[in-house]
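In what follows, a structure is listed as structure tokens, so that the remarks can point back to it.
Values in this text are rule-based calculations from the coordinates and carry no lab data. Here the structure is a predicted model, which means the values were calculated and not measured. As a convention, Cβ positions derive from the backbone with ideal geometry for all residues, glycine included, and neighbour counts pool all protein chains shown.
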Amino acid sequence: KNANGKYTVTLIEGDGIGIEISEAVKQIYSAANVPVDWEPVDVTPILVNGKTTIPQAAIESVNKNLVALKGPLATPVGKGHVSLNLTLRRTFNLFANVRPCKSIVGYETPYENVNTVLIRENTEGEYSGIEHTIVPGVVQSIKLITRKASERVIRYAFEYARSINKPHILVVHKASIMKLSDGLFVKVAEDLAKEYPDVKVSFEILDNTSLKLCTDPSDYKDLVMVMPNLYGDIMSDLSSGLIGGLGLTPSGNMGDNVSIFEAVHGSAPDIAGKGLANPTALLLSSCMMLRHMSLNEYADKIEGAVLKTIASGPENRTKDLKGSASTSHFTEQVISHL
Ligand code: NAD
């Protein structure tokens, strides 16, 4: 706690709709009297010795506060610009990305009772960024899988499964084709299973999981999925689609010391600045953050108000949820339901 008796949390507002949805979070936190003081930081990339990095002040803020809430950061495509999201995950060693996906009562989708949790390896795999041109027209991209990174994310999945009382982990892989790389991921899970006799472990090939998850998501409600980086990225968007889209799904990037909570979605340049953004995903990410900080009562209060607002009808929902509300109208409604 700081001198005001509150917890200081680093706030990275982000690009595009990041500004609008961060504003919604700040207003709702203030109305709910959450004991959090925001410390906004600028993460505009800087060049140090020819490498893109984030400003030292931002790094120091996150290392001091240990917890941050982050809006989406835009990554220009193919301009030799290193993704800031990747830079943040690497800088703070945020090795596990936890992405829960739960049906929103009162918002109808083809499936009821979706309740999945996916843990994505967050530091290597297909996102290692090791790519080179061998000869013009031939490019090689290296997928890096290490025992160390696999072990820490799979161990996290075992512990997480225990902690949420779903003692079953499902390892999603493609070891049928990528025998060495995904094969190692699978092997590590088999080895670790011996340390967790109370947690069931099963294995499934990625394409089969994709098919089964969108055929009947209820098969996945009593387990925790864990998978390499790219698969987790794609499967979590698929899971978002099952409950109503990217405007709804939160995530937490977990490390040994630092945790950064953020929405799964990006900066949505198509709707930025128009007052159309749905702040739910960032709000629910902030609720994950509050629970991580053992401020459960505030998380319940805010989550309850968000869900009540969504269920209260299309006039109070944003356009992505087939509604007509602006970001600020939605925010006012959440505050009225606190
Ligand atoms: P996006 O997630 O920004 O948008 C995809 C679609 O979903 C768009 O139609 C958008 O309008 C809609 N959408 C997303 N969030 C919404 C919300 N809260 N409310 C209402 N509608 C919402 O994906 P994109 O367009 O592929 O990426 C845009 C930029 O964001 C890129 O630069 C990308 O690199 C970046 N990105 C950042 C993160 C992150 O910071 N973690 C994640 C994904 C993408």
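The table that follows gives values for the structure above.
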| quantity | calculated |
| --- | --- |
| Cβ-derived FRET efficiency at R0 41 Å, Lys194 paired with Gln56, nearest 0.05 | 0.45 |
| Rg/Rh for region 78-151, where both radii come from Cα atoms and Rh is the Kirkwood radius | 1.14 |
| Region 140-270 - Debye-derived log10 I(q)/I(0), Cα point model, q = 0.20 Å⁻¹ | -1.37 |
| Radius, Kirkwood style, for region 231-272 when every pair of distinct Cα atoms is counted (Å) | 11.5 |
| Using distinct alpha-carbon pairs, which all enter the 1/r mean, Kirkwood radius of region 17-79 in Å | 13.8 |
| Approximate shape of region 193-235 as ellipsoid semi-axes (Cα gyration tensor, √5λ), whole Å, largest first | 20, 14, 8 |
| 18 Å cut-off, amide nitrogen to a point 7 angstrom out along Ile134 Cα→Cβ, residues in region 179-210 | 179-181 |
| Per DSSP, loop chymotrypsin sites (Phe, Trp or Tyr not before Pro) in region 195-289 with at most 14 further Cβ within 10 Å | none |
| Scattering curve values for region 12-127, log₁₀ I(q)/I(0), Debye with Cα scatterers, q = 0.13, 0.19 Å⁻¹ | -0.69, -1.24 |
| Only Lys, Arg (+1) and Asp, Glu (-1) charged, at Cβ; region 205-332 dipole about Cα centre in debye | 340 |
| Alpha-carbon spread of region 1-40, three principal axes, descending order, Å | 33, 19, 7 |
| Fewest-first sequence of Ile28, Ile119 by Cβ atoms within 10 Å of each Cβ | Ile28, Ile119 |
| P(r), alpha carbons of the chain - 10 Å bins starting at zero, rounded % | 5, 25, 33, 26, 9, 1, 0 |
| Mean separation of Cα contacts under 8 Å (6+ apart) over length of the chain, as relative contact order % | 21 |
| Above-threshold pairs, the threshold being 20 Å between Cα atoms, out of Lys102/Lys212; Lys274/Lys319; Lys200/Lys221; Lys102/Lys308; Lys1/Lys102 | Lys1/Lys102 |
| In region 86-149, the GluC sites (Glu not before Pro) that fall in loop regions by DSSP, at most 14 other Cβ within 10 Å | Glu108, Glu112 |
| Positive dipole terminus of region 260-338, leading residue within Gly266, Thr318, Met288 (C-beta point charges) | Thr318 |
| Mean ellipticity per residue at 222 nm, deg cm²/dmol - from DSSP H runs of n ≥ 4 across the chain, formula -39500 (n - 2.57) | -11500 deg cm²/dmol |
| Rg/Rh (Cα only; Kirkwood hydrodynamic radius) as it applies to region 268-338 | 1.00 |
| Antiparallel bridge percentage (DSSP; both residues within the chain; nearest 5) | 50 |
| Normalised per residue, the volume of the convex hull around the Cα set of region 212-325 (Å³) | 142 |
| Overall dimensions of region 158-201 as given by Cα atoms, namely Rg and Dmax in Å | 11.4, 33 |
